[in-house]
1. Considering only residues of segment 211-265 that are assigned to a strand (DSSP E or B) and charged (D, E, K, R), which is nearest to Val173 (Cα to Cα)?
2. Please go through (1) under 27 Å from the mean Cα position of the chain (by Cα); (2) at pLDDT 85 or above for Ala69 and return the number of the only condition it doesn't satisfy.
3. I'm trying to understand the selection: among the residues of segment 210-239, which are of a type in the set (Phe, Trp, Tyr) and more than 26 Å from Ile343 (Cα to Cα)?
4. Could you go through segment 122-133 and let me know if any residue there is surrounded by fewer than 17 Cβ atoms within 10 Å (Cβ to Cβ), in contact with a Phe, Trp or Tyr (Cβ under 7 Å, 6 or more places away or on another chain) and either hydroxyl-bearing (Ser, Thr, Tyr) or under 25 Å from Ile184 (Cβ atoms) (or both).
5. Gly143 versus (1) within 24 Å of the chain's Cα centre (by Cα); (2) in a loop (DSSP other than H, G, I, E, B): which is the lone unmet condition?
6. Looking at segment 599-632, which of the residues that are buried (at least 18 other Cβ atoms within 10 Å of the Cβ) and among the small types (Gly, Ala, Ser) is farthest from Ala484 (Cα to Cα)?
7. Limited to segment 321-352, what total is found for residues that are within 21 Å of the chain's Cα centre (by Cα) and of a type in the set (S, T, N, Q)?
8. From the list Gln561, Gln541, Gln550, Gln501, pick out the single residue that is within 27 Å of the chain's Cα centre (by Cα), polar (S, T, N, Q) and surrounded by fewer than 17 Cβ atoms within 10 Å (Cβ to Cβ).
Amino acid sequence: MSTRKLSKTRKNDPFFERECQKYEIPLPSREYTMQVLQDQGRPVSFDQMVALLDISRDEEELFQRRLNAMERDGQLLRNRKNAYILPEKADLIPGKVEGHPDGFGFVKPDDGSDDLFLEPKQMDKVLHGDRVLVRCIGLDRRGRREATIVEVLERANTRLVGRLMEEHGIQFVVAENKRISQDILIPPTAMTDKRAKLKARPGNVVMVEILEQPSRYSQPIGRIVEILGNYADPGMEIEIALRKHDLPFEFSKEAQAENQAVPDKVKKSDLKGREDLRELPLVTIDGETARDFDDAVFCEKVGRGWRLVVAIADVSNYVRPGMALDQEAYDRGNSVYFPRRVIPMLPEKLSNGICSLNPDVERLAMVCDMNISATGSITKYRFYPAVFRSHARLTYNQVWSWLSGDATPENEVHQALQPHLQNLYKLFQVLLKARKKRGAIDFETVETQMLFNAQGKIDNIVPVVRNDAHRLIEECMLAANVCASGFLHEHKQVCLYRVHQGPTPEKLENLRAFLGEFGFSLAGGDEPKAKDYAELLEKIQGRPDTQLLQTVMLRSLRQAQYAPENLGHFGLAYEAYTHFTSPIRRYPDLLVHRAIKAVLAGETYNPGKWEDIGLHCSGTERRADEATRDVDNWLKCFYMKERIGEEFEGTIAGVAAFGIFVALDEVFVEGMVHVSELGEDYFHFEPAKHQMLGERSGKRFRLGDRLRVKLVRADLESGRIDFILAQEKKEGPAGDDEVVTWRKNTTGKPVLGAPAPQGKPRVGSGGGKPGKAAPGGKAGGPGQGGHRGKSPAGAKAGAPKRSPKSAPKGSPKSGGKGGAKGAAKGGSRKGR
């Protein structure tokens with residue numbers, strides 16, 4: 001303990017004796033620190049805290065660490081002036097802003113409590129993603145908590161991608177992220193991209209650096225730092241997605257230098273301590289277009305069971321902690337696969353070179369060597385580093401053609417490999433039976449791929465056909481991943497598990513209520529198992545509504561994520577599961593390789609705070625999904641522009657307060673029928689039943705219903721596709737719906753070939769026009785033009801944004817005719 005004479009202030013700390021017993025240099029306790037801060041009744045700076053608590057110069061660094069820890073644990077908050085406050089005493093709630101395209105927004109509190117609504121005037125101060133302190137000011141007209149922003153804690157946007165627009169001599173950038181509804185003003189002096197030495201022109205896609213963030217009195221101001229080109233340039237949709245979602249796509253100079261130093265061949269020095277599997281006929285089985293091969297397999301009969309060898313590229317031998325390449329891999333988190341372009345987690349020299357298990361060349365691997373019983377149980381396994389040589393590069397279709405007896409001379413499998421493929425297939429059948437017995441859930445989903453012509457335009461969108469060769473490799477990888485999680489758990493080595501939890505109580509209740517309407521029930525009580533889901537899936541097979549029931553069951557489950565706490569994998573019905581088999585394209589797999597190597601060496605691997613790493617990797621996975629979804633939507637939109645006016649058959653794939661989403665049968669594209677186009681009625685959105693219900697007519701639009709729709713709009717800028725009904729679904733006897741011809745009635749008289757009107761539209765009761773969402777529902781969904789209906793309380797649907805301070809009439813957000821958003825939407829993209 002310090003010999004420093006205690007001050008009166010320090011003696012007042014009721015927990016000071018405890019601090020003396022715990023620390024050599026006792027500081028004021030957390031409780032006393034918060035009490036002193038509360039007594040001040042205002043934000044207090046660090047220097048003021050030092051004076052109030054009589055902290056000596058020698059103690060200041062330790063005290064700063066104490067305050068940082070308290071801030072981390074949510075006991076303190078720091079405002080933008082770096083002064084400390086007690087959030088609960090000030091009735092302040094920290095959280096993250098989520099913007100809406102219509103100008104309002106929400107705050108997602110850090111503690112996970114219900115969101116708070118922000119009216120457009122509050123959103124004027126911030127941008128989507130900013131961290132703020134808010135105070136709850138009551139409930140809005142829809143019964144939601146409403147907030148006012150007290151402090152902006154952290155700005156999320158320093159650079160944005162968008163389109164440069166000009167109105168009345170004023171230039172501004174409209175962000176590609178539609179959750180950012182404010183335009184960024186560009187002063188005349190900030191118009192040039194110095195690197196390209198080009199002047200940006202209206203309509204160009206640009207990167208803008210924000211010089212002044214928005215405030216209550218001013219719009220954001222920025223300068224152009226990069227000119228990407230015209231919206232119609234081939235590949236521009238990917239360039240936009242990369243910047244919109246902050247995806248790293250260029251490797252640092254340090255990483256490039258390390259990449260150049262990577263050898264092209266396996267060095268003799270790397271063979272030390274490795275088992276030699278060069279004579280074992282391991283093979284890779286991948287798709288026809290694959291370029292990076294990170295797994296190879298071999299199977300042989302051993303007694304009544306099998307020996308399965310899964311060799312995974314030893315990326316950890318070349319990418320080590322502390323390297324710039326490792327930092328790049330961490331930042332990316334995973335490779336991102338766009339149509340016709342890949343953003344790799346590692347440079348191509350690694351991913352397609354020394355770490356790719358190409359045929360007939362030596363490669364380093366981490367091997368999972370398993371013995372599997374005749375019933376599909378893994379009886380023993382071991383991990384070890386090895387050197388091997390892939391004996392063939394096979395494809396899924398080639399293997400399946402041979403296994404099914406349809407092989408041709410062009411895709412014949414070498415005779416020496418045939419017995420091993422037979423063994424793999426027999427083992428797969430056993431593993432498949434074990435999977436079903438275990439109760440793993442198998443949802444039938446359709447994966448699609450886009451086929452492009454020489455000009456880069458989509459020729460067609462087709463489903464990806466999976467065969468048993470795909471499933472064979474999948475089962476081999478699952479077995480290796482399970483062994484990896486078991487190995488690390490057994491040796492008490494912390495790692496990132498691939499966690500998938502069961503449904504939340506709320507979702508479970510909604511699912512059971514929905515299933516009850518169809519006469520089905522989900523077993524398992526309050527904690528159903530995967531097997532309960534699997535058994536129900538078997539029961540519903542062969543019904544006309546199978547797809548509907550399966551979709552609702554799937555949506556009741558949570559999203560898988562990475563975490564150091566082993567919570568099991570619900571969908572796969574595993575008690576423990578991790579990712580080991582793809583270190584070329586997933587950072588968690590690389591960490592698992594390092595952890596296994598550490599255990600084999602009798603050491604412990606600790607890359608940092610595992611929980612934070614798990615959150616980061618889960619976030620980069622979602623980021624990649626969002627970016628690829630944006631690109632897919634844009635390409636599909638471009639593909640459908642030439643088919644405006646055509647009619648299609650489809651199925652309702654989603655229901656929201658502002659309309660229904662319809663998935664087309666043959667072109668595998670999804671679009672929306674806005675609530676205003678559903679008919680002459682007020683429609684209530686019933687989320688638990690996944691349906692829209694007409695108030696007067698009783699007309700119902702439910703997930704899984706069949707519809708015929710007409711394409712009326714394909715908007716490239718929002719990536720949205722709009723339909724109207726070409727036929728109306730008329731309710732018949734239970735489960736027997738009749739489809740009749742329909743067209744919109746604007747005369748008030750019965751239309752030939754259409755059902756007679758079921759009563760006059762109600763006037764004056766809801767303050768709007770028929771065809772809107774019923775009171776309490778949201779009309780005018782995100783990004784939808786026309787028929788915007790009422791926005792949530794405080795938001796003026798369809799109204800122009802506020803004008804920039806001292807801007808001329810008609811300039812961005814002035815409310816003049818043809819405002820900023822109108823300019824942004826004007827003119828569709830022609831050709832590619």
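The values are calculated or read from the model by the stated rules, or taken from the named source; none is laboratory data. Predicted, not measured: the structure shown is a model, and the values here were computed from it. Backbone-built Cβ (ideal geometry, glycine too); neighbour counts: all protein chains shown.
1. It comes out as Arg223.
2. Tallying (1) under 27 Å from the mean Cα position of the chain (by Cα); (2) at pLDDT 85 or above, Ala69 fails exactly one: (1).
3. Tyr217
4. Checked against the condition, which is being surrounded by fewer than 17 Cβ atoms within 10 Å (Cβ to Cβ), in contact with a Phe, Trp or Tyr (Cβ under 7 Å, 6 or more places away or on another chain) and either hydroxyl-bearing (Ser, Thr, Tyr) or under 25 Å from Ile184 (Cβ atoms) (or both), segment 122-133 yields no hits at all.
5. (1)
6. Ranking the candidates gives Ala627 first.
7. Of the residues in segment 321-352, 2 are within 21 Å of the chain's Cα centre (by Cα) and of a type in the set (S, T, N, Q).
8. It is Gln501.
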